[in-house]
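FYI, it's all coordinate maths here, none of it is from the lab. Keep in mind it's a predicted model, so treat the numbers as computed, not measured. Cβ sites come from the backbone with ideal geometry, for glycine too, and all protein chains shown count toward neighbours.
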Amino acid sequence: MALICGHDAPAHGLPLCEHIRNAATEPLDHYLHYTGRGLERQRICVICREEPAPAATMAAAAVCEDCFDATGGSLIGVFGHPETLDEARPVRGMVETNALPEEAGKVVDVAPTGDGIVLLCDDGRILRWDIDSGRCTEVARTTIAVPAEAEAWCDRNQALRLHASRDGAFAAVVIDYGRTGEVIDLTTGAVTVPLENDGHHSDTVPFSLAFTEHAGRVVVLHRRQWNLVEATDAATGVPVARMPQEEGGSSTWSGHFHGALHLSPAGTRCASDAWVWHPAGRPVAWSLDRWLSEGERAWSEDTIGWAGLPSCGYYWDRSLVWLDEDRLVLEGLGDDEQELVPGARVFDLGSRGPDGSKPADEPAETATFAGPKGRFFAADGLLFSSSESGFEIWNPATGVRLGALAGFRPTHHDLARGELIELSAIGLRRWRTAGAES
Ligand SMILES: [Zn+2]
Ligand SMILES: [Zn+2]
């Protein structure tokens, strides 16, 4: 069966409107058109875009590879929306609000832990706050501050960010899109690990940092050099493991500008919201256990479970969240910043075997659906999104929207209490994740 272009060949690329297909002289620029039927996309021209009735776009049809490549033209924008599957029902549970402790003054960031919520105040004080008893105590002070001369790269303003270990024993204050930070022992208030990265395009990414636990100690993962993540004992500052420096040859892991680090719930894997030259966002993930046990020697493509996710032109610093130890959700549909629409892509890294025996292939994309945008969170097998339009709950296997809360915009996940929390002007707003689906 011949295609509409008259060639008996496999269809290639997106279906094209008849004007683009038949452009005789100059190639026509195009819109990426979501038809509203599932995730169906096609390329249409300006004439079709302005047609009130979609008669011409209905005639979009697939062509062969040669004919597709001959059309050229560039992307003008996105038109239409992919279909969202909506079965929203009333959301269980209430959003509760706790006023922040008065003595805190202005709170810059919070970090929920198993030992209360750690607060970073704008005067550098670090407080530990027990929501239930209301008790609030100063545990440390930081001197980390955004440099007065700091300049934003593409609206990414340098800002203080607080992280804390799960047990609440350590905090880290870092400058996102900046160069410095420190790890603080909250029992003594002492700085245990001064942090500084090499500044190589560090203004493009949040400061790479994550706490984990390994062999009974708290370990902090961070980026000192732009393409190397290292692990350091949070209590002593002693190096635990490091990505190996590439010597000659081209390894799969070199060349990534590491960004925000995201740990799987049990801490067996780490994902970095990295980018590669020229520039394209390209999140990567790897396994932690052998690396943290055996150090740099254990690092090889076969043992480390290295996985690269699809790249996206000019887009990183996006939402990434682990559903479990294997499945990683990536925010945004599209392969380039210009064509992105709200949505989620789910990748199964476990499909490659526990030790990542097939490092070359991209992990399987097990679900792709439209709708979720903003910050992503996950708990109990559900995906949560938080944006200007509010809070939404999604089934990450089917892509169905299960519920929404308009006025709630969670900013943090309190794993210890099983709550999503929003640091807002009126205080800390909390919503319990358990039972959200029932
Ligand atoms: Zn057209
Ligand atoms: Zn053809």
> Which of the peptides 125-138, 280-293, 143-156 is most tightly packed, and how do the rest follow, judged by the mean count of other Cβ atoms within 10 Å per residue?
Replying inline: 280-293, 125-138, 143-156
> By DSSP, what percent of the beta bridges with both residues in the chain are antiparallel, rounded to the nearest 5?
Replying inline: 90 percent
> What's the Kirkwood radius of region 78-131 in Å, using all Cα pairs?
Replying inline: 14.7 Å
> Mind listing the Cα extents of region 72-169 along all three principal axes, in Å, largest one first?
Replying inline: 61, 47, 24
> How much of the DSSP beta bridge set in region 12-83 is antiparallel, as a percent to the nearest 5?
Replying inline: 55 percent
> Among Phe376, Phe79, which comes first, second and so on when ranked by fewest other beta-carbon atoms within 10 Å?
Replying inline: Phe79, Phe376
> How much FRET efficiency would the formula 1/(1 + (r/R0)^6) give for Asn98 and Arg217, where r is the Cβ-Cβ distance and R0 is 35 Å, rounded to 0.05?
Replying inline: 0.60
>> Only four residue types carry charge here, +1 at the Cβ of Lys and Arg and -1 at the Cβ of Asp and Glu. Report the dipole size of the chain about the Cα centre in Debye, rounded to the nearest 20.
In response: 820 debye
> Taking other Cβ within 10 Å of each residue's Cβ, how do Val118, Val91 sort, fewest first?
Replying inline: Val91, Val118
> Once the convex hull of the C-alpha atoms of region 253-347 is built, how many Å³ does it hold per residue, rounded to a whole number?
Replying inline: 85 Å³
> In terms of modelled amide H atoms, which long-range or inter-chain residues lie less than 5 Å from the amide H of Ser424?
Replying inline: Arg429
>> From the phi angles alone, apply the Karplus equation (6.51, -1.76, 1.60; θ = phi - 60°) to region 106-122 and give each ³J(HN,Hα) in whole Hz, x where the residue is Gly or Pro.
In response: 7, 9, 7, 7, 10, 9, x, 9, x, 10, x, 9, 8, 10, 9, 8, 6
> Thinking of region 377-421 as a set of Cα atoms, what percent of all their pairs are more than 13 Å apart?
Replying inline: 53 percent
> What number in nm² do you get for region 294-426 if you take the convex hull of its Cα atoms and divide its surface by four?
Replying inline: 10.1 nm²
>> Using +1 at the C-beta of Lys and Arg and -1 at the C-beta of Asp and Glu, which of Gly295, His222, Val183 has the Cα lying farthest in the positive direction of the dipole of the chain?
In response: Val183
> When the Karplus curve 6.51 cos²θ - 1.76 cosθ + 1.60 is applied with θ = phi - 60°, which whole-Hz ³J(HN,Hα) does each residue of region 419-424 get, with x for Gly and Pro?
Replying inline: 10, 9, 10, 10, 7, 10
> So for the chain, taking the charge dipole from beta-carbon charges (+1 Lys/Arg, -1 Asp/Glu), which of Ala344, Gly305, Gly105 sits furthest toward the positive end?
Replying inline: Gly105
>> Give me, ordered by chain and number, the residues 5 or more places off Ala234 or on other chains with an amide H under 5 Å from its own placed amide H.
In response: Val218, Val219, Val220
>> Apply the Karplus curve 6.51 cos²θ - 1.76 cosθ + 1.60, θ = phi - 60°, to the phi angles in region 70-80 and return the couplings in whole Hz, x for Gly and Pro.
In response: 6, 6, x, x, 10, 6, 8, x, 9, 10, x
> Taking all pairs of different Cα atoms in region 94-231, averaging 1/r and flipping that mean, what Kirkwood radius in angstroms comes out?
Replying inline: 15.6 Å
> What residue among Glu296, Glu419, Glu102 shows peak mean-square fluctuation when the chain is described by a Gaussian network model with Cα springs under 10 Å?
Replying inline: Glu102
>> Under 5 Å between amide hydrogens, which residues at least 5 positions from Val400 or on another chain qualify, with H placed 1.01 Å from N in the peptide plane?
In response: Asn395
>> Let's see if you can work this out: charge +1 on each Lys and Arg Cβ, -1 on each Asp and Glu Cβ, no other charges. What is the dipole magnitude of region 12-83 about its Cα centre, in debye to the nearest 20?
In response: 180 debye
> For region 156-301, what Kirkwood radius comes out of the mean inverse Cα-Cα distance, in Å?
Replying inline: 15.3 Å
> How long are the semi-axes of the ellipsoid equivalent to region 12-83, from square roots of 5 times the Cα gyration tensor eigenvalues, in whole Å, largest first?
Replying inline: 18, 13, 11
>> If N is the number of residues in the chain, what value comes out of its Cα radius of gyration divided by 2.2 N^0.38 Å?
In response: 1.07
> Which listed residue (Leu120, Val240, Met1) has the Cα farthest towards the positive end of the charge dipole for the chain, taking +1 on Lys and Arg C-beta and -1 on Asp and Glu C-beta about the Cα centre?
Replying inline: Leu120
